[in-house]
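Worksheet for the structure shown next.
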Amino acid sequence: MARPRSFDPAKAETSMLDVFWRNGYLATAIPDLSAATGLLPGSLYAAFGNKDAMFEASLKRYRAWLADELRTSVTGFAAIESMLNAIVRITIEDTERRGCPMINAIPEGHALSPEARAMITDGMNALRRSFRARLTEAAREIGATIALDELEALLFSASVSIRVLGRAGMPATLLRDIATATLAAVRQRLGLTVRRQKRSARRETK
């Protein structure tokens, strides 16, 4: 079946993402996606393939959107602060409190395609890699050696907690407090590292 002249892949993917995000993979049916996109089922299949492929396209769209939301022009600790606060912001601004579609889909993993599962795993790891890169910048900027694995795990777990608790309807104040406490812990850890390095440097010059 031919695509309608007004067919816009990006718009269709965004519409499908909204449905999957709200309903989850298993509870979403082709008629739901057809109604959201304005495309007949035949046009949907022709454009994207099966439901698995539609979900994968939606996840790809979400990951691109999330990357834009977390993008920042600053580096180091300032970038970490910007990213974590952005995660709080997008969670609170979502009036439906839908959470993160990647995290939401994890319990449905048995029904997902291997490609979708791989996209979810890579999406989660992408956030970890981003935090690690910013921590590496912070260490470089202060001239210190820090425990990257521990702080990366702390930031990642805080991010997941904010998204999950946000979906559970927890108050915005709690989500902000999680971010604030996590950032304070990272800031303190960086500060302790700096002081230790300075003391070590002074001992070496004596």
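What the table below lists for this structure:
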{"read-out": "Extreme residue, surrounded by the most Cβ atoms within 10 Å (Cβ to Cβ), among residues of segment 108-131 that are of a type in the set (S, T, Y) and farther than 12 Å from E152 by Cβ", "value": "S113"}
{"read-out": "Subset of segment 132-160 (residues that are surrounded by fewer than 17 Cβ atoms within 10 Å (Cβ to Cβ) and of a type in the set (S, T, N, Q))", "value": "T136, T145, S157"}
{"read-out": "Flag for V74 being under 30 Å from G191 (Cα atoms) and at pLDDT 95 or above", "value": "yes"}
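The values are calculated or read from the model by the stated rules, or taken from the named source; none is laboratory data. As the structure is a prediction and not an experimental result, all values here were calculated from the model. Neighbour counts run over all protein chains shown; Cβ positions are idealised from the backbone, glycine included.
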